[in-house]
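One structure is given below, encoded as structure tokens.
The values are calculated or read from the model by the stated rules, or taken from the named source; none is laboratory data. On a predicted model such as this, the values are computed, not experimentally measured, just so you know. Cβ sites come from the backbone with ideal geometry, for glycine too, and all protein chains shown count toward neighbours.
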Amino acid sequence: MSDMEIKTPPKGLAILALVGPAFVWCAEYIGSGELVLATRNGSILGSGILWAIIIGIFLKYWIGMSGARYTVCTGEGMIDMLDRMPGPRHWVVWVVLVVQIVAAIIAIAALANVAGLFFASIIGAESRLVQILCGWAVSLSAALIVWSGAFNVLKTVMSFLILLIVLGTGYVAMMVFPGVSEFLHSIIPNVPVVPEWALAKGIDKNAWREILPLIGWGAGGFASQVWYSYWVLGAGYGAAAGRGDGRPADVEMLKKMSAGAAEKIKGWCRVCYADATIAVIIGIVVTGSFLIAGAGILRPRELAPDGPSIAVVLSQIFSVNWGKTGAILFLVAGAAALFSTQIGQLAGWPRLLSDCCRVCMPGLSQKYSWKTRYRFWLVLFFVTSMVIIYTLGFKPVYLVKIGSILDGLLLTPLQAVCVAMGLFYVMPRVLSPEAGRILKPSWLFLLGLLTAFIVFTYFCIFQIPPTLKG
């Protein structure tokens, strides 16, 4: 790999001009985790659990950024990296395929259901049939847009509405800010007691049953970290330039990488760090704003978003300050945010699962084109979403919680370990010796990934079982 094959990386403030995957990442994960889970946690438990948002997003930041760094250095996405783990052939990818199929089916249906409830609330419909039809319409519309790829104009409109709800919620959060002392106390880990009014509404006394799903979908789940490597591939950072996803690294080329090419890639790694850092800052600020807004507006009124009326309850975040107009604005902007996230999920999950099938079932992948495999997943998700919305659509929070635990927590410890292996075990073996020395990651990456592994392993062993049982 000669110096000429790697573009010269930007320096200084010029790096900001090439930041892009971060915004795709944020647009994909700013949805039900923020609108529903963060606001609900604020209304029930108060702003004192801000620590959960900070810890969850910060630890996933190390996973996402480290995976992206591997992609910048090798030119392959996270699924192909997972396939290089020691042990039985394809074992990690098989685990990912099985778990992510279930997680994707539930998560995509949950998001379509909540978006449908928002759209039904906009037109003032309380009929269960109308709510179901709205959920189906969201699912079908998002699938058709992803199928056709015609998203540019719609993306511009929705981006404006998403910005509107983020800025509006940020304003509300500033108006009801709890104060410096309480804010500082909120970043210290503690598990508050569920209030009596919430218990009377049927909310469980175990606060972890609210906190865990919030951590699970803060900055997205397992899939979001995989997708971030796809967005980096699309941006063409370093060795990812011109490759695209769905292709393993050219190991023979990597083993010939010159020191000059490695130095250029090291510069692109700095672009990746800046990009991922912007994403984590946006994630913490936005999610924290929804938490504080829920604590300041809904908690004093003893309102916990739940059931088919979830959108109407959530809209009070705006209606308290701006009346009926504010409520409608919140519903429209919230529906746009959820719909945008749905499109992001339908753009990402079929890509992830198609990648897994390519690795685990190469014969099937050779028989059917990538587009055919991709569209198969779109059809599957639409059909399963219709069934789930019809049967469990009246339990939107339940669906969102299950989806967040399956996607956001269950495989995260494995992902953290595998990314660490990718950086410190796989990468030195696929790069030339001189490139390996230059691109050797800092010990901070190992520390961040091991911390993520320990924390999320604790959640999986000690907190998820009683939560799912409840």
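Key figures
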item	result
Of all residues in segment 392-408 being among the β-branched types (Val, Ile, Thr) and crowded, with 23+ Cβ neighbours inside 10 Å, the one that is farthest from VAL99 (Cα to Cα)	VAL400
Filtered residues of segment 1-20 (kept if among the acidic types (Asp, Glu) and either buried (at least 21 other Cβ atoms within 10 Å of the Cβ) or at pLDDT 70 or above (or both))	GLU5
Test: ALA295 is under 18 Å from GLY48 (Cβ atoms) and not polar (S, T, N, Q)	yes
Among the residues listed as ALA241, ALA219, the single one being of a type in the set (A, V, I, L, M, F, W, C), surrounded by fewer than 19 Cβ atoms within 10 Å (Cβ to Cβ) and touching a residue at least 60 places away in the same chain (Cβ under 8 Å)	ALA241
Residue check for LEU380: out of contact with any strand residue (DSSP E or B) (no Cβ under 6 Å at 6 or more places or on another chain) and closer than 30 Å to LEU133 by Cβ	yes
PRO88 vs. criteria surrounded by fewer than 24 Cβ atoms within 10 Å (Cβ to Cβ) and at pLDDT 95 or above	yes
Qualifying residue in segment 415-424 (condition: within 18 Å of PRO248 (Cα to Cα) and not aliphatic (A, V, I, L, M))	yes
Residues within segment 384-416 that are assigned to a helix (DSSP H, G or I), within 18 Å of GLY216 (Cβ to Cβ) and of a type in the set (A, V, I, L, M), tallied	8
Matching residues in segment 204-216 - criterion: being in contact (Cβ under 8 Å) with a residue 60 or more places away in the chain and either out of contact with any Ser or Thr (no Cβ under 8 Å at 6 or more places or on another chain) or in a helix (DSSP H, G or I) (or both)	ASP204, ALA207, TRP208, ARG209, GLU210, ILE211, LEU212, PRO213, LEU214, ILE215, GLY216
Cβ pairs under 6 Å, 6+ apart, first in segment 92-109 and touching a residue at least 60 places away in the same chain (Cβ under 8 Å), second of a type outside the set (A, V, I, L, M, F, W, C) and in a helix (DSSP H, G or I)	ALA103/ASP407; ILE105/THR384; ILE106/GLY403; ALA107/GLY403; ALA107/ASP407; ILE108/GLN345; ILE108/SER385; ALA109/SER385
Condition met for PHE23 (part of a helix (DSSP H, G or I) and at pLDDT 95 or above)	no
Single condition PRO466 does not satisfy, out of (1) over 29 Å from LEU199 (Cβ atoms); (2) surrounded by fewer than 18 Cβ atoms within 10 Å (Cβ to Cβ); (3) not charged (D, E, K, R)	(1)
Flag for SER224 being among the small types (Gly, Ala, Ser), touching an Asp or Glu at 6+ places or on another chain (Cβ under 7 Å), within 30 Å of ILE106 (Cα to Cα) and in a helix (DSSP H, G or I)	yes
Flag if ALA295 is surrounded by fewer than 18 Cβ atoms within 10 Å (Cβ to Cβ) and either small (Gly, Ala, Ser) or free of Cβ contacts under 8 Å to residues at least 24 places away in the same chain (or both)	no
Tally, over segment 367-394, of residues that are of a type outside the set (A, V, I, L, M, F, W, C) and in contact with a helix residue (DSSP H, G or I) (Cβ under 9 Å, 6 or more places away or on another chain)	8
LEU346 being at pLDDT 95 or above and in contact with a Leu (Cβ under 7 Å, 6 or more places away or on another chain)	no
For ALA125: the one exception among (1) among the hydrophobic types (A, V, I, L, M, F, W, C); (2) in contact (Cβ under 8 Å) with a residue 60 or more places away in the chain; (3) within 30 Å of VAL387 (Cα to Cα); (4) not in a helix (DSSP H, G or I)	(2)
Selection from segment 434-465 of residues that are in contact with a Lys or Arg (Cβ under 8 Å, 6 or more places away or on another chain) and assigned to a helix (DSSP H, G or I)	ILE438, PHE445, ALA452
Close pairs (7 angstrom Cβ cut-off, 6 or more residues apart or separate chains): buried (at least 16 other Cβ atoms within 10 Å of the Cβ) in segment 185-203, assigned to a loop (DSSP other than H, G, I, E, B) and of a type in the set (D, E, K, R) anywhere	VAL194/LYS205
From the options LEU414, LEU380, residue that is within 26 Å of TYR61 (Cβ to Cβ) and at pLDDT 95 or above	LEU414
